[in-house]
Amino acid sequence: VKFKGGIHPRYRKTTAGSPTRTMPLLERYVVPLSQHLGAPGKLIVAKGDLVARGQALSEAAGFVSAPVHAPTSGKVAGVKAFPHPFGNVQEAVEIEADGEDRWAEGVGKRGDWRGMDPGELKGVLQQAGLVGMGGATFPTHVKLSPPKEKPIDTFILNAAECEPYLTSDHRLMLERPREVLEGVGLFMRVLGVAKGYVGIEDNKLDALEAMKAACPPDLDLEFVALETKYPQGSEKHLIVALTGRKVPPGGLPMDVGCLVQNVATALASYEAVEKGIPLIERVATVTGEAVKEPSNVLFRVGTPLEKLIGFCGGLSEDVGKIIFGGPMMGVGQFTLDVPLIKGTSGILCLREGEVEQFQAGPCIRCGNCVDACPMGLVPSVLGVQAERGRFAEMEDYHVLDCIECGSCAYVCPSRRPLVQLFRRGKAELRQLKRKAS
Amino acid sequence: MLLSTVVLAGLGLISGLGLAVAARVFAVQTDPRREKIAEALPGANCGGCGYAGCNDFAGAVARGEAQPDGCPVCDNAAASAVASIMGLAIEEKERRVAMVMCQGTRERSVDRFRYNGMASCGSAALLGGGPKSCAYGCLGLGDCQAACSFGAIEMTEDGIARIIPQRCTGCGRCVEACPKDLIRLVPESATIHVLCSNKDKGPAAKKACLAACIGCKKCEKTAGAEHILVEDFLARVNYDDPPTDPALVDECAMGCIVVVDLKAGGSARTNEEAA
């Protein structure tokens, strides 16, 4: 099944062929307390404390929250406000490494997910600070706890990796397919689901073959090659493509009995359960023409961006823009002081010439955006409404169903900042609702 | 010829009678005061009173639901005219003027990044607070200007909003429009103002803007806490009892304190030398 709309950007997955490299230990890490959707964790260390690798620095503040852990052993040099990849400043723990890289007590306790019950597994994932590593960073244990009235019968591994440039999931599937699939098995055990899909875009069939070959015999998984089309990796579109089920407007995958997790999250969950290692490292694609040695890099969470760039040969002189994530949905950065966080799946460095400085024009009603919108919305009308401050009307035009994939802005000949306009609309609607209640 | 004249005249007579009866029977009772009040109001339909325009407000006053001095745009003469239509008297109120509590021009508070998006402060503020180094400062994209029905706000070339006191009616629409809550309504007679809204600690504030209040409390000590109070590392004038001593300007090392004579139509930024 195909979904309506979507676009075919130039994919530029130039790093797909190069093996993942591991960053050496650094002298300093900055670990923000908030690296997930939901309440920031509660700090449990203080300045001057000695911490060990994998030791919790914070604990979850509520159900929708996640702890963060020390990336290495060393001293807490301070807890203060640091620049955060979201564009603001947020409280973070600065750690001076002692170079010993000693594991914390209790970390590294091995488990076997096949012998554990769902509640126990969810507890381990929560303690390990697992969040969705595709970029949305929603706490994994929450996602794995759907309400009773919404039974899940299908698990889906999101291996589409539809954002241009990004190849980290691709590499993980080639290099560590067995571990990723063990993570899938673990998720299916938590959910009590027998049937699972692995959806991979057909521009990486080698990953599909590697995954198929590595599949443990006790897992009932179907490996599906999907059409290469953006945004194939959007949960709702992935579900349609794999199962034919349509998530209702305003609904979640669980409304059609599905649950989707991303490749990196599956791997990290496996490591948390089988090896007892909390989420303190991940792989990201460092790419773009403005970085000298583009590659996939395994780094520790809290690594300053500057160090990672340095590890990849540094920036070219004409760097114009650095984006965390992919070019379609990523977030632009303005300082190299920001740390890399759990949700950082890519660092895209573009040259000045590649970054278009354009002046947005008025909507010419060409309708390109209507054809491109995978959610079946009318971006042209929504954009005008936002521009004129008619935010309440935007709800009638289902702006809340917008997944902010950016397909509309990509095709707009007037270069209108449509996604920004919709985000403004959503923010204003939230405000209106808060005032009303 | 004759017949058609008679028929037409007859038709006219019958319809006329019908209309005359309808006008009596279906007459809508209106309060004659409502129209008079509406005439006395400025007629700008700015919405500053909280009603949907001047007519709506006039109706509310006539029904006794709104106070005759509820129009923020009316001066004392206009407000007492409204009150006298209602047979009431009002207390004289001082004219209030909007003021942008920020001097963070592009040179003083440089942009952290290039912003190329929707030309609206509210939208820019959603991107990590906006491009300005100072998280509290004026983004200069003109949401207040767009909200002003009186043309009383201009965006200066160096990137911040400025109120033109002569045109300002004190309706307060700009106060609501500003995502950074930078605009305050101040009494016309107040002359000493602290034009900063930065709540960072000293060093951070200095880094963010060359004209930022660092919360040193010198002004508070000189003027007295009842006139200027420093809270959250930010000095704020108590406009119920504003300070009057122009020497305060020299106390402020950062040049945040300015003297502005609003009655003489002084501009809200007259401190180029001090800062």
Practice prompt. Compute the FRET efficiency between A:Gln431 and B:Ala44 as 1/(1 + (r/R0)^6), taking r as their Cβ-Cβ distance and R0 = 30 Å, and round to the nearest 0.05.
Written response: 0.70
Worksheet entry | Positive minus negative residues near B:Ile192 (Lys, Arg vs Asp, Glu; Cβ under 11 Å) | -3
Worksheet item: Where does the stretch B:1-58 land on the Kirkwood hydrodynamic radius, alpha-carbon pairs, in angstrom?
Response: 14.9
Practice prompt. List the cysteines in chain A whose Cβ has no other cysteine Cβ under 4.7 Å from it.
Written response: A:Cys162, A:Cys215, A:Cys258, A:Cys312, A:Cys349, A:Cys363, A:Cys366, A:Cys373, A:Cys402, A:Cys405, A:Cys412
Response to the item:
proj_area_mean for the stretch A:242-375 (convex hull on C-alpha atoms), units nm², value 11.9
Discussion item. Once each part is reduced to its C-alpha centroid, what is the distance from the stretch A:365-437 to the stretch A:53-107 in angstrom?
Written reply: 37
Worksheet, complete the sentence: Tilt, helix B:2-25 to longest principal axis of chain B (alpha-carbon atoms), in degrees rounded to tens, equals 50
Worksheet item: In terms of Cα to Cα distance under 14 Å, which aspartates and glutamates are near enough to B:Lys201, apart from those fewer than 8 places away along the same chain?
Response: B:Glu231, B:Asp232
Response to the item:
the stretch A:1-83 -> Rg/Rh from Cα coords, Kirkwood Rh, value 1.17
Discussion item. With a 10 Å cut-off between alpha carbons and a GNM built on chain A, which of A:Leu181, A:Leu298, A:Leu340 moves the most?
Written reply: A:Leu298
Worksheet item: How long are the semi-axes of the ellipsoid equivalent to the stretch A:142-205, from square roots of 5 times the Cα gyration tensor eigenvalues, in whole Å, largest first?
Response: 25, 13, 10
Worksheet item: For the stretch B:157-259, what is the largest minus smallest coordinate of the Cα atoms on each principal axis, given in angstrom and ordered from greatest to least?
Response: 34, 29, 23
Fill in: Zero-based 10 Å bins, Cα pair distances in chain B, whole percents
7, 24, 25, 18, 11, 5, 4, 4, 2, 1
Response to the item:
Filtered hits (lysines, Cα-Cα < 16 Å from A:Lys13, offset >= 8 within chain) -> A:Lys204, A:Lys229, A:Lys292
Item to complete: Among DSSP beta bridges whose residues both lie in chain A, state the antiparallel percentage, nearest 5.
Response: 60
Worksheet, complete the sentence: the stretch A:137-157 and the stretch A:261-305 have their Cα centres apart by a whole-number Å value of 23
Discussion item. If you scale each eigenvalue of the Cα gyration tensor by 5 and take the root, what three semi-axes come out for the stretch B:1-156, rounded to whole angstrom and sorted largest first?
Written reply: 53, 25, 12
Worksheet item: Among residues other than A:Lys275 whose Cβ falls under 14 Å from its Cβ, what is the net charge (Lys/Arg +1, Asp/Glu -1)?
Response: -1
Worksheet entry | Pairwise Cα inverse-distance average, inverted: Kirkwood Rh of the stretch A:285-437 (Å) | 17.3
Discussion item. I want to verify a result. In a Gaussian network model of chain B, Cα cutoff 10 Å, which of these has the top mean-square fluctuation: B:Gly255, B:Gly128, B:Gly137?
Written reply: B:Gly128
Worksheet, complete the sentence: Spelling it out for B:Ala98: with amide H atoms placed in the peptide plane at 1.01 Å from N, the residues 5 or more places away or on another chain with amide H under 5 Å from its amide H are B:Gly170, B:Val186
Worksheet item: When you look at the Cβ of every residue in A:413-422, what mean number of other chain Cβ atoms sits within 10 Å?
Response: 2
Worksheet item: Suppose R0 equals 22 Å; then what is the FRET efficiency for A:Thr335 and A:Lys292 from their Cβ-Cβ distance, rounded to the nearest 0.05?
Response: 0.65
Fill in: P(r) of the stretch B:190-241 over all Cα-Cα pairs, binned every 10 Å from zero, in whole percent
29, 53, 18, 1
Fill in: Qualifying lysines (Cα of each under 29 Å from Cα of A:Lys122; at least 8 residues distant if same chain)
A:Lys42, A:Lys109, A:Lys143, A:Lys148, A:Lys150, A:Lys195, A:Lys212, A:Lys236, A:Lys246, A:Lys275, A:Lys342
Worksheet item: Roughly what angle does helix B:76-85 make with the longest principal axis of chain B, taking Cα atoms, 0 to 90 degrees, to the nearest 10?
Response: 30
Worksheet item: Using alpha carbon centroids, what distance separates the stretch B:24-103 and the stretch A:165-243, in Å?
Response: 67
Response to the item:
Percent of all alpha-carbon pairs of the protein assembly as shown at distances over 38 Å, whole number, is 49
Worksheet entry | the stretch A:297-385, Cα convex hull volume normalised per residue, Å³ | 144
Worksheet item: Of B:Leu182, B:Leu248, B:Leu127, which has the largest mean-square fluctuation in a 10 Å C-alpha GNM of chain B?
Response: B:Leu127
Fill in: Net charge contributed by nearby residues that have their C-beta within less than 11 Å of A:Asp98 (K/R +1, D/E -1)
-1
Worksheet item: Given 4 °C and 1.567 mPa s, how large is the Stokes-Einstein diffusion coefficient of the stretch B:129-202 in µm²/s, with Rh as the Kirkwood radius over Cα pairs?
Response: 98
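Coordinate-derived values only; no laboratory data. The structure displayed is predicted, hence computed values, not measured ones. Every residue, glycine as well, gets a Cβ built from its backbone with ideal geometry; the counts of neighbours run over all protein chains shown.
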